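**Q** Below: one structure in structure tokens.
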Amino acid sequence: MSRCMHIQAEEGFSLIELLVAVAILSLAAVTLLEHQTQAIGITSAVERRALASIVAENRMAIALGHTAAPQPGTQTGIEEQMGVAFQWRQVVRASADGDLSVVLISVSEGAEAQQLASLTGFRKAD
């Protein structure tokens, strides 16, 4: 009697197949992490711009809220919002016809930094 040996193929994945699958998943994970890092950076920039807009609105409310019209000229200062110091600049000048005062407010995060927010307001001149 001859004995026949039957070799059964085992079911499952080979080591090579598993390594390829892990490599593909790793590439996908790295791509997702890069996109997440970009999203965090963009969110931070949007937050800075929103805070700078608040500073600009506060300065405009102060400039236009007084009973006396703001004096022509330039003023600068620093205002803090949520722990971040913003440099603001206020320029007041007469309009072309002289009936209005034009108030220009610009805000940046530092003295040499890019402007993050700006507002223009008008008020009847005294």
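**Q** For Ala85, all conditions in the list (1) touching a residue at least 40 places away in the same chain (Cβ under 8 Å); (2) of a type in the set (Gly, Ala, Ser); (3) in contact with an Asp or Glu (Cβ under 9 Å, 6 or more places away or on another chain) hold save one; what is the number of the exception?
**A** Condition not satisfied by Ala85: (1).
**Q** Within region 55-86, track down each residue that is of a type outside the set (S, T, N, Q) and in contact with a Phe, Trp or Tyr (Cβ under 9 Å, 6 or more places away or on another chain). If you could, list the steps in order and put the result at the bottom.
**A** Step one: of region 55-86, the residues of a type outside the set (S, T, N, Q) are 55-57, 59-66, 68-70, 72-73, 77-80, 82-86.
Val55, Ala56, Arg59, Leu64, Gly77, Ile78, Glu79, Glu80 - these are the residues of region 55-86 that are of a type outside the set (S, T, N, Q) and in contact with a Phe, Trp or Tyr (Cβ under 9 Å, 6 or more places away or on another chain).
**Q** Quick one: which strands (runs of 3 or more DSSP E) lie wholly within region 31-126 and hold at least 3 residues that are surrounded by 10 or more Cβ atoms within 10 Å (Cβ to Cβ), at pLDDT 90 or above and within 14 Å of the chain's Cα centre (by Cα)?
**A** Working: elements: 73-81, 84-94, 100-108, 115-124.
Qualifying strands (runs of 3 or more DSSP E): 115-124.
The values are calculated or read from the model by the stated rules, or taken from the named source; none is laboratory data. Quick caveat: nothing in here was measured; it's all calculated off a predicted structure. Glycine gets a Cβ as well: all are built from the backbone with ideal geometry, and neighbour counts include every protein chain shown.
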